[in-house]
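The values are calculated or read from the model by the stated rules, or taken from the named source; none is laboratory data. As the structure is a prediction and not an experimental result, all values here were calculated from the model. Here the Cβ positions follow ideal geometry from the backbone for every residue, glycine too, while neighbour counts run over all protein chains shown.
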């Protein structure tokens, strides 16, 4: 083979390594660490469904104490699709919490089914013993994103607009078309804000001079 062809071949191989290597790594990571992201360093992490190996690595690397799954069986009598994960967490001494998201819009009686799982989630997150925690659904964008938006507002003081903007940036592309989810998040009032509204007004009694 002449020197020109050798140089061309080496150049092609180098290009393939520089371009194909990172792409292959990205595909591998997405397959195993599906949409893994940091919500709050040392406290809360989010993802889609991790592979068993990726979950074990995440538990070890980030010191995960609690895994919160938003996945559930399509039919009530069926086993959840991530039942293996529950067993894996038990074997690693990790607390496992399963929360089933409900409809965000009010029903015929004016009740909002989502209030119950949201309350359950916020109660779990109130306990410092659960951290560091990992929350996930299947893809890690819609259910997980919505609950992380609630976390942002309740525990980090984010505005509703900022929390929803991040939600869309991280994959919830149809949020503007889903009035039930958008309406719930837009109208959510965190505990700290409700507390401010109930604080007594300062006394306006005139002082008595001597």
- Could you list, in sequence order, the residues of the range 143-177 that are in contact with a strand residue (DSSP E or B) (Cβ under 9 Å, 6 or more places away or on another chain), in a loop (DSSP other than H, G, I, E, B) and more than 20 Å from residue 127 (Cβ to Cβ)? 170
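To keep it simple, each residue is scored yes or no on (1) in contact (Cβ under 8 Å) with a residue 60 or more places away in the chain; (2) surrounded by 13 or more Cβ atoms within 10 Å (Cβ to Cβ); (3) assigned to a helix (DSSP H, G or I).
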residue	(1), (2), (3)
57	no, yes, yes
79	no, no, no
90	no, no, yes
125	yes, yes, yes
- Kindly indicate whether any position in the range 55-73 is at positive phi and under 18 Å from the mean Cα position of the chain (by Cα). yes
- Quick one: is residue 163 closer than 21 Å to residue 89 by Cα and either touching a helix residue (DSSP H, G or I) at 6+ places or on another chain (Cβ under 9 Å) or modelled with pLDDT of 95 or more (or both)? no
- Quick check: anything in the range 74-92 within 20 Å of residue 116 (Cβ to Cβ) and modelled with pLDDT of 95 or more? no
- Message: Checking the structure you have, find out if any residue of the range 66-76 is touching a helix residue (DSSP H, G or I) at 6+ places or on another chain (Cβ under 8 Å), free of Cβ contacts under 8 Å to residues at least 24 places away in the same chain and either surrounded by fewer than 14 Cβ atoms within 10 Å (Cβ to Cβ) or more than 20 Å from residue 152 (Cβ to Cβ) (or both).
- Response: no
